[in-house]
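Worksheet: one structure, shown below.
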Amino acid sequence: MALLSLFLVALSYGATACMLSCMPLLSPILLANSATRSQSLQVLLPISLGRISGYIFLSLIAFLGSSMIKSLIKDTDLMGYLLGSITLILAIRLWFSLRRTSSCCSASSPSPQGKIELFFTGALLSMSLCAPVITMMTLSAASSSLMWAVAYGLAFGLGATLLWFLFFSVVLTAILKESLHHLSNYRNLLQRFAPLLLAGIGIAIFNGWIRL
């Protein structure tokens, strides 16, 4: 029953606050990759796996009671520096990926780059200690075994990621793809603008102007 309740809490969390807070970060990445379904999945799967892994990690930390790592996670400035830096790396890789595609005169969309960076982006996104995440950590800390702590983290991660993943892979991808279709004359300009927008978001996260 506790696992089901935690899953439902995570489901509502992933469909509301988390979804909205991730939109400024993910929209430029999907746009730069032409917002096709296959390209979006290649971006979203590593991020989703990173988020689920991050929640399991938080559950383990709560169960094991590591005060040092807990203090690091609570340091929002440090988390902002890390997420901002990885976002800037993603922006640079997207920019050079688009440049290579253009120089090769290829009509195909650039492949998403940096699966490791995308994974760690997802992991860092999970480190936001909001009320639902703290609830998960509290249950994990009070659990009777390590396996139960992992189960709480996994249940929360799946719940927080499910509707989030469907929204970005289906709804937002369709919206961006339709926008690119109607603005086909400006397609290349929009795709080149996306890494610059992502870099701006990375700088804003790094400086604490945006908190995800």
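The values are calculated or read from the model by the stated rules, or taken from the named source; none is laboratory data. The model shown is predicted, which means the values in this text are computed figures rather than measured ones. Methodologically, a virtual Cβ is constructed for each residue, glycine included, from the backbone with ideal geometry; neighbour enumeration extends over all protein chains shown. Calculation scope for accessible area: heavy atoms of the full protein, side chains included, ligands and nucleic acids excluded. Shrake-Rupley method; radii C 1.70, N 1.55, O 1.52, S 1.80 Å.
Yes or no: Trp164 more than 20 Å from the chain's Cα centre (by Cα), surrounded by 14 or more Cβ atoms within 10 Å (Cβ to Cβ), in a helix (DSSP H, G or I) and aromatic (Phe, Trp, Tyr)? Answer is no for this residue.
Conditions (1) closer than 27 Å to Tyr81 by Cα; (2) assigned to a helix (DSSP H, G or I), marked per residue:
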{"residue": "Met127", "(1), (2)": "yes, no"}
{"residue": "Val133", "(1), (2)": "yes, yes"}
{"residue": "Met137", "(1), (2)": "yes, yes"}
{"residue": "Met147", "(1), (2)": "no, yes"}
{"residue": "Thr173", "(1), (2)": "no, yes"}
{"residue": "His181", "(1), (2)": "no, yes"}
{"residue": "Ile203", "(1), (2)": "yes, yes"}
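Name the one entry in Ser140, Ser169 that is within 14 Å of Cys22 (Cβ to Cβ) and among the hydroxyl-bearing types (Ser, Thr, Tyr). Show your work before the answer.
Working: Ser140 fails: within 14 Å of Cys22 (Cβ to Cβ).
Result: Ser169 is the single residue among Ser140, Ser169 that is within 14 Å of Cys22 (Cβ to Cβ) and among the hydroxyl-bearing types (Ser, Thr, Tyr).
Tell me yes or no: at least one residue of the stretch 114-136 is more than 20 Å from Val9 (Cα to Cα), open to solvent by less than 80 Å² (accessible area, probe 1.4 Å), at pLDDT below 85 and within 14 Å of the chain's Cα centre (by Cα). There is at least one residue in the stretch 114-136 that is more than 20 Å from Val9 (Cα to Cα), open to solvent by less than 80 Å² (accessible area, probe 1.4 Å), at pLDDT below 85 and within 14 Å of the chain's Cα centre (by Cα). Does the stretch 64-71 contain any residue that is modelled with pLDDT of 75 or more and closer than 22 Å to Ser144 by Cβ? There is at least one residue in the stretch 64-71 that is modelled with pLDDT of 75 or more and closer than 22 Å to Ser144 by Cβ.
Yes or no, residue by residue, for (1) part of a helix (DSSP H, G or I); (2) at pLDDT 90 or above:
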site: Ser5; (1), (2): yes, no
site: Ser34; (1), (2): no, no
site: Ser40; (1), (2): yes, no
site: Ile47; (1), (2): yes, yes
site: Gly54; (1), (2): yes, yes
site: Phe57; (1), (2): yes, yes
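Tell me, which residue of the stretch 188-197 that is of a type outside the set (S, T, N, Q) and loosely packed, with under 15 Cβ neighbours inside 10 Å is modelled with the lowest pLDDT? Out of the qualifying residues, it is Leu189.
Residues in the stretch 87-107 that are modelled with pLDDT of 80 or more and open to solvent by 30 Å² or more (accessible area, probe 1.4 Å): Leu88, Ile89, Ile92.
Could you please let me know if Ile56 is of a type in the set (Val, Ile, Thr), surrounded by 19 or more Cβ atoms within 10 Å (Cβ to Cβ), more than 30 Å from Leu196 (Cα to Cα) and touching a residue at least 24 places away in the same chain (Cβ under 8 Å)? Outline the logic, then answer.
Numbers: of a type in the set (Val, Ile, Thr): yes; surrounded by 19 or more Cβ atoms within 10 Å (Cβ to Cβ): yes; more than 30 Å from Leu196 (Cα to Cα): yes; touching a residue at least 24 places away in the same chain (Cβ under 8 Å): yes.
Criteria met by Ile56.
Residue under question is Leu78, and the condition is that it be modelled with pLDDT of 85 or more and over 23 Å from Trp148 (Cβ atoms); does it hold? Here the answer is no, as Leu78 does not meet what is asked.
Any residue in the stretch 140-149 that is buried (at least 20 other Cβ atoms within 10 Å of the Cβ) and either in contact with a Cys (Cβ under 7 Å, 6 or more places away or on another chain) or closer than 13 Å to Val9 by Cβ (or both)?
Filtering the stretch 140-149 for residues buried (at least 20 other Cβ atoms within 10 Å of the Cβ) gives 140, 149.
Still in the running and either in contact with a Cys (Cβ under 7 Å, 6 or more places away or on another chain) or closer than 13 Å to Val9 by Cβ (or both): none.
No: zero hits.
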